[in-house]
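The values are calculated or read from the model by the stated rules, or taken from the named source; none is laboratory data. For clarity, every value in this text was computed on a predicted model and none was experimentally measured. Cβ atoms come from the backbone with ideal geometry, glycine included; neighbour counts cover every protein chain shown. Just so you know, the surface numbers come from the protein's heavy atoms only, side chains and all, with ligands and any DNA or RNA stripped out. Shrake-Rupley method; radii C 1.70, N 1.55, O 1.52, S 1.80 Å.
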Amino acid sequence: MENSNENDSNLNQDKTNDRIREDTKIGVTYGKWTTLTYFFNMIIGAGILTIPVGFQKSGLILAPIFMVFVSFLSYITVTYMVEVQASGNAIAKHLEKEEKQEENTINSGNSGKKEKTIEDETDSENSETQRLIEPNNSKITKEDMESDSSKNKKENQEEELLGEEKQKLKKYEDSEFSITKRLEMGYLSELFLGKTGVIIFYIALVLYLYGCLSIYSVSVPTTLSRVISSFSMGKLHFSEYNSYYLYLTIFALVTIPWAFFRFQNTKILQLFTMSLRNVCIFTMIVLLITYISDGKGADPKNLKWFSVGGLPNLFGASIFSMMCHHSISGLISPVRNKRKINTYVLVDFIVITLIYILLALFAVLSFGDVTKSKCGSDPGPPCKIQPLITLNFSSYHIRFFANFLALFPVFTLTTNFPMMAITLKFNIEIIVTRRFKCKSWVRPFFALAAAIPPIIIAFSTRNIGFLVNLTGNYAGLIIMFPIPSLLLWASRRKLKKILGHSHPENIHKTPFKHDFWVWLILGWSLFCFGLATYNVATGNF
């Protein structure tokens, strides 16, 4: 019975080993500033537009504290994923090394005589070459010696210039735990958590991607219907309410076809989106500061300062705004100097958290006590904080800023939708093809399965707050907190089992290595799950 279990375990390990070799090569590498840029662009997304309303409901004291705490825990689980990535690389290298040793043993047994003959021939050739070289060596001149001496000096100087940093990099590359393979989160779940872990991960990831696409599908037509408002086309009249469905239909017709393609070389699109997003955020902060400095801000007496009841709204938005864990492997694998990867991530998390807090605080201090439900598309008075903060600027008196900020989600989310839909398509394909053999004509249906359901959801509801909370508090919560924590725990156990208890220390070991942090994050996840469920059940979103 024990042998049977052991054989099954070995068989599963062989299958896993085959899978982790698939598509693990690292392509083009990049340096420090590109790393910081890519991480920044991955983390700071459309979620920032939903944070101010969560700040308003949670209070000006509680909300920043809570935001920093969630950001801190999110950073911890990112360091978990870096350690798990390194552990996966170490196991993959160990298994490959064992296989090569087995192959060498088999080959040496079958062709021992042949190898010996080749070695003898090689030795003979080397001795003959040596005899040809030796007479020339006896005629070395003084000029040759001086030339060699200067050449050696130059080489020594070059070696010194390489410095300590190069030596450290070489030492890193020689380590078992160096990240030289790109192992996706799905593969890591299979390697360390088994079938159950893979199922949970892919379900959470697919639901999260569906949630993101649904939020995009609602945000774009909502923005257009608010900015353009009512209009007529011949005998047809579209009110602000009805025009939403027209814009959603157009959005679907424009974006769904892109789900049938692959995305490659998206660097220009990423840089464009990031530049536009940063300009938008900077503009909003400047306009809000100007508004407050002109004495038009909210009365502090009418604002919430500490409201625990509003936390579920902020928690969903903060998770949606801090998510990058599912893309860690693609972000860190191409980095040249991976020894400082945790520092790079920490810098980005600090900057992004400060940006989130500043934008949200200035928004609440500007419009926190306004009671008007919606902002018009013409210059006029402000309205209460909207589910997308950009909509608060649609009535701004300088029309260029009003239109630019109000239409910002249209530009960025319309470009993000195809990339997210393609990602979802590939994950659906992985889930289905693992279980069933699919013919080529089935593949287009994966694209339809990815792109159409979010559009249907957008036709069913316009409640962005509900979608953000549902996506962040459930699927996002699982991907950000429990899965990285369980992967860390399981990877450490598997390392001891495969490499032995005395294996070298993981050079990418998280600074938060004590089990206390794992249990804190798992306990925090359960608490937030319960709080979110209560929030949804009571309709408080």
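With θ set to phi - 60°, apply the Karplus curve 6.51 cos²θ - 1.76 cosθ + 1.60 along the stretch 344-360 and write out the HN-Hα couplings as whole Hz, x wherever there is a Gly or Pro.
Couplings: 4, 5, 4, 4, 4, 5, 5, 4, 5, 4, 4, 4, 4, 5, 4, 4, 5 Hz.
Can you send over the solvent-accessible area of Thr37, 1.4 Å probe, protein chains only, in Å² to the nearest 10?
40
From a point 7 Å beyond the Cα of Ile199 in the direction of its Cβ, which residues of the stretch 481-498 have a backbone N at a distance under 15 Å?
Within reach of a label on Ile199: no residues.
Run the simple label-point estimate for Trp33 and Lys513 please: 7 Å along Cα→C-beta, distance reported in nm.
3.4
Probe of 1.4 angstrom, ligands and nucleic acids ignored: what's the accessible area per residue over the stretch 422-508, in square angstrom? Write out the running numbers ahead of the final one.
Details: 4370 Å² over 87 residues.
On a per-residue basis, 50 Å².
Express in nm, to one decimal, how much length is gained between Thr414 and Lys497 on full extension, taking 0.36 nm for each residue of separation and deducting their alpha carbon distance.
Values: separation 83, 0.36 × 83 = 29.88 nm, distance 4.75 nm.
Length gained, Thr414 through Lys497: 25.1 nm.
Any chance you could look up the accessible area of Thr105 with a 1.4 Å probe, heavy atoms only, rounded to 10 Å²?
The value for Thr105 is about 90 Å².
Order 194-201, 348-355 from most to least packed using the mean count of other Cβ atoms within 10 Å. Working shown, then result.
Details: 194-201: 15.5, 348-355: 17.8.
In descending order of packing, they fall as 348-355, 194-201.
Would you kindly find the accessible area of Tyr245, with a 1.4 Å probe and non-protein molecules such as ligands, DNA and RNA excluded, rounding to the nearest 10 Å²?
So the heavy atoms of Tyr245 present about 70 Å² to solvent.
Could you sort Trp305, Trp517, Trp524 by their accessible area in this structure, using a 1.4 Å probe and putting the largest first?
Numbers: Trp305 110, Trp517 65, Trp524 35 Å².
These residues rank, largest area first, as Trp305, Trp517, Trp524.
Accessible area of the stretch 293-407 with a 1.4 Å probe: how many percent of it is carbon plus sulfur? The partial results should precede the final answer.
Values: 2910 of 4560 Å².
Percent of accessible area from carbon and sulfur atoms in the stretch 293-407: 64.
Which residues in the stretch 62-84 place their backbone N less than 15 Å from a point set 7 Å from the Cα of Ile292 along the Cα-to-Cβ direction?
Within reach of a label on Ile292, which here means backbone N under 15 Å from a point 7 Å along Cα→Cβ, the stretch 62-84 contributes 62-65.
Counting residues in the stretch 218-375 as N, plug N into 2.2 N^0.38 Å and put the Cα Rg over that result. It would help to have the intermediate numbers written out before the result.
On the way: Rg = 20.6 Å, N = 158, 2.2 N^0.38 = 15.1 Å.
Here the answer is 1.37, to two decimals.
Check which residues have an amide H placed less than 5 Å from Phe238's amide H, if you skip close sequence neighbours.
Phe231, Ser232, Met233
Please say if the stretch 330-381 is rounded, prolate or oblate, where rounded means a/c under 1.5 for a ≥ b ≥ c the square roots of the C-alpha gyration tensor eigenvalues, and otherwise the choice is prolate for a/b larger than b/c and oblate otherwise?
On the way: a/c = 5.91, a/b = 3.04, b/c = 1.94.
Prolate, because a/c is 1.5 or more and a/b exceeds b/c.
Testing the spin-label approximation: label points 7 Å from Cα along Cα→Cβ at His397 and Leu253. State their distance in nm.
The two pseudo-label positions are separated by 4.0 nm.
First check a/c for the stretch 368-521, with a ≥ b ≥ c the square roots of the eigenvalues of its C-alpha gyration tensor; if it is under 1.5, answer rounded, and if not, answer prolate when a/b is larger than b/c or oblate otherwise. Numbers along the way, then the final one.
Numbers: a/c = 3.06, a/b = 1.60, b/c = 1.91.
Verdict is oblate for the stretch 368-521.
Please report, as a whole percent, how much of the solvent-accessible surface of the stretch 45-114 comes from carbon and sulfur atoms (probe radius 1.4 Å).
Ligands and nucleic acids excluded, carbon and sulfur reach 58 percent.
Greater than 32 Å separation of Cα atoms is the criterion. Which listed pairs, Lys57/Lys235; Lys97/Lys340; Lys340/Lys497, meet it? The partial results should precede the final answer.
On the way: Lys57/Lys235 43 Å; Lys97/Lys340 27 Å; Lys340/Lys497 28 Å.
Pairs exceeding the cut-off: Lys57/Lys235.
Modelled label-to-label distance, Glu102 and Thr343, 7 Å Cα→beta-carbon offset: nm?
4.2
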